[in-house]
Amino acid sequence: MKLNKLTKEEEKVIVRKGTEAPFTGKYDKFFEPGIYVCKRCGAKLYRSENKFDSGCGWPSFDAEVKGAVRRVPDPDGSRTEIECAMCGAHLGHVFTGEGFTAKNVRHCVNSISLEFIPYAKVGDKVKGKKQATSKAAIKGQIAKTN
């Protein structure tokens, strides 16, 4: 597996399981249509349709791409860490029972662990397929690769 080169700041969070300061990440208040991928390996992690504003200071999602995120007990014993299932990159933590959405789940993710790809460009990035021209076609391409 090819891993992307990380900056020292990215490595602090992604490899050494740090946390970026709240309300500082570029995706906290970002709500464009597209897909969020792992900064380290490029695996698809989250869709914009599952992103919501929880007010916590980090991007929040109530669902992940099926099989893309692994849950691991946090060493603090009270939280559950989330990692990229493909490369083990630290993403953040997952919380349940808060009632923010009907799914009752909040993935609290460090922006620095993510890269965003607009739906208009996803077709180019999905297994070398030709770029899709409609949102429905793009979603179809993404679904076929999950």
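No lab work stands behind these numbers, since they all come straight from the coordinates. Quantities reported herein were computed from a predicted structural model and do not represent experimental measurements. Virtual Cβ from ideal backbone geometry, glycine too; neighbours counted across all protein chains shown.
Points worth noting:
- Protection-proxy order for peptides 33-46, 50-63, each taking the mean of Cβ atoms within 10 Å per residue, highest first: 33-46, 50-63
- Residue exposure proxy: L91, L3, ordered by other Cβ atoms within 10 angstrom of their Cβ from fewest to most, comes out as L3, L91.
- Cβ-derived FRET efficiency at R0 22 Å, K17 paired with F52, nearest 0.05: 0.35
- Packing-based ranking of 5-13, 80-88, 110-118 yields 110-118, 80-88, 5-13, ordered from highest to lowest mean Cβ neighbour count within 10 Å.
- Excluding same-chain neighbours fewer than eight residues apart, the aspartates and glutamates reachable from K12 by a Cα-Cα span under 16 Å are E20, E81, E83.
- Using a cut-off of 21 Å between Cα atoms, the listed pairs K8/K121; K2/K39; K26/K103 include K8/K121; K26/K103 as exceeding that distance.
- Nonlocal amide H pairs with V69, under 5 Å, H built at 1.01 Å: A85
- Long-range HN-HN contacts of D74 with modeled amide H, under 5 Å: R79, T80, E81
- Cα centroids of the stretch 86-126 and the stretch 7-21: 16 Å apart.
- In a fully extended conformation the segment linking R70 and N104 would gain 10.5 nm over its present Cα-Cα distance, using 0.36 nm per residue.
- Inter-site label distance for T24 and K8 at 7 Å from Cα along Cβ, in nm: 1.4
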